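Enquirer: Handing you a structure now.
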Amino acid sequence: MAVIGCGRWGRRIVADLRSLGAPVVVVDPSPEVGADVPDVAALSGLEPVDGVVVATPAATHLRSLREVAALDVPVFCEKPLAPSVADARAAVDLLGDRLHLMHIWRYHPGVELLGAVARGGRIGTVLGLRTVRTGWTSPRTDVDAVWTLVPHDLSLAIEVLGAIPEPRAALAEVHDGRAVGLWAQLGGSGAPFLAVEASTRFGDKRREIRVHGSEGVAVLRDPDDHEVVLELGRDAAPRIERIPFAPDPPLRRELAAFLDHVGGGPAPRSSAQEGLEVVAVIEQLRALAGLAP
């Protein structure tokens, strides 16, 4: 496996791939990260690679994908696919079905359980999904907080609701000309809704996911929890049920799925077309919020 980019997230990808038994060659021009080769061209002097993971900054994804296209192997790209619809569409046109997106929350066991609860009728008719994704600042500097955070919430809608609802309204918080938060409403008016709160201006880190139904709510309060909590009924106090699940790191799970695909197994869950859809919806939300694309 070739991993393109060995920054903060790339190092975690390399570690998990190696723990899964995959030989890894690291491609990064920075001498400080201890890469095996400085660029994709240098891979030609090594053993042929069977798959590629692109973990460079989002603004450079299209350039990285162009560099690896000639390798003619499956490619797993970190989210977002690109910070513009034009670049995302160019990536899809370039790699087609060989390209897959790393939408990590789709591999979280708690999120999978929320989807099963929603489809199984445990909370009645599903009315919508509410996500809270907050913290303080962001280590990413090439794109703003909307591009960094909101792709997660849209991929959650795909996993739990089966589709991304239609964007309706959005409000952005902007500091020094840069978006640091977004509140968005998608769907509603008789269709399942998605309500998003995403911000890098909260001192406390929160990652809460709530599936609202006609008979109750299913909640994953924190990604490190090992249970989904059901709040049921219409009485003054809810009836509480807890559904435990086995912890299994989602990054490791999605990389295992990609390795299985490289070996001839089914494709990972998030296709290139889904990655393009996520980018297109983010551009719509940015427009509703008065942000530049």
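Enquirer: Between V53 and residues 5 or more places away or on another chain, which pairs have amide H atoms under 5 Å apart, with H built 1.01 Å from N, and which residues are they?
Expert: A2, V3, I4, F76
Enquirer: Once you order the gyration tensor axes a ≥ b ≥ c over the Cα atoms, which shape class does region 172-244 get: rounded for a/c under 1.5, otherwise prolate or oblate by comparing a/b with b/c?
Expert: Because a/c hits 1.5 or more and a/b fails to exceed b/c, region 172-244 counts as oblate.
Enquirer: Taking all protein chains as present, what is the carbon and sulfur share of the accessible area of region 54-113, in % to the nearest whole number, probe 1.4 Å?
Expert: Roughly 50 percent of what the probe reaches on region 54-113 is carbon or sulfur.
Enquirer: Near the amide H of F202, under 5 Å away, which other amide H atoms are found, from residues 5 or more places off or on another chain, if H is placed in the peptide plane?
Expert: For F202, the qualifying residues are G135, W136, T137.
Enquirer: Here's another thing I want to ask about it. Can you tell me the 0 to 90 degree angle between the C-alpha axis of helix 85-95 and the longest principal axis of the chain, rounded to 10?
Expert: Once rounded, one gets 50 degrees.
Enquirer: Looking at region 102-205, what % of its DSSP beta bridges pair antiparallel, to the nearest 5?
Expert: Details: 16 of 23 bridges.
DSSP beta bridges in region 102-205 are roughly 70 percent antiparallel.
Enquirer: Starting at 0 and stepping by 5 Å, how many percent of the alpha carbon pairs of region 154-293 end up in each bin?
Expert: Going out from 0 Å in 5 Å bins, region 154-293 shows 2, 8, 13, 16, 18, 18, 14, 8, 3, 1, 0 percent.
Enquirer: Can you pull the percent of region 200-293's accessible area that's carbon plus sulfur, 1.4 Å probe, other chains left in place?
Expert: With neighbouring chains kept in place, the figure for region 200-293 is 50 percent.
Enquirer: Then there's this: Angle check, please: helix 109-120 long axis (alpha carbons) against the longest principal axis of the chain (alpha carbons), in degrees 0 to 90, nearest 10.
Expert: Compared with the principal axis, the helix lies near 50 degrees.
Enquirer: Top mean-square fluctuation among A218, A267, A82, Gaussian network model of the chain, C-alpha springs under 10 Å?
Expert: A267
Enquirer: Using Cα pairs closer than 8 Å and at least 6 residues apart in sequence, work out the relative contact order for the chain, in percent.
Expert: Result for the chain is 20 percent.
Enquirer: What does the convex hull of the Cα atoms come to per residue for region 26-135, in Å³?
Expert: 170
Enquirer: So if I take the centroid of the Cα atoms in region 232-293 and the same for region 53-74, what is the distance between those two points in Å?
Expert: 22
Enquirer: Next question. Any chance you could run the full-extension gain for V217 through A86? It's 0.36 nm times the residue separation minus the Cα-Cα distance, nm to one decimal.
Expert: 43.3 nm
Enquirer: Just add up the charged neighbours of S271: K/R +1, D/E -1, any other residue whose Cβ is under 10 Å from the Cβ of S271. Spell out each step's value before the answer.
Expert: Values: positive: R269; negative: D97, E274, E277.
Net charge in that neighbourhood comes out at -2.
Enquirer: If one takes the longest principal axis of the Cα atoms in the chain, at what angle in degrees, from 0 to 90 and to the nearest 10, does the Cα axis of helix 145-161 lie?
Expert: 60
Enquirer: Could you calculate the FRET efficiency of A59 with I240 from 1/(1 + (r/R0)^6), where r is the beta carbon distance between them and R0 is 45 Å, rounded to 0.05?
Expert: E(calc), rounded to 0.05, equals 0.50.
Enquirer: Would you mind getting the accessible area per residue of the chain, heavy atoms of the protein chains only, 1.4 Å probe, in Å²?
Expert: Per residue, the chain has 44 Å² of solvent-accessible surface.
The values are calculated or read from the model by the stated rules, or taken from the named source; none is laboratory data. Just so you know, these numbers come straight off a predicted model, no measurement behind them. Note that we place each Cβ from the backbone using ideal geometry, even for glycine, and neighbour counts take in every protein chain shown. Side chains are part of the model used for accessible areas, which takes the heavy atoms of the whole protein and leaves out ligands, DNA and RNA. Shrake-Rupley method; radii C 1.70, N 1.55, O 1.52, S 1.80 Å.
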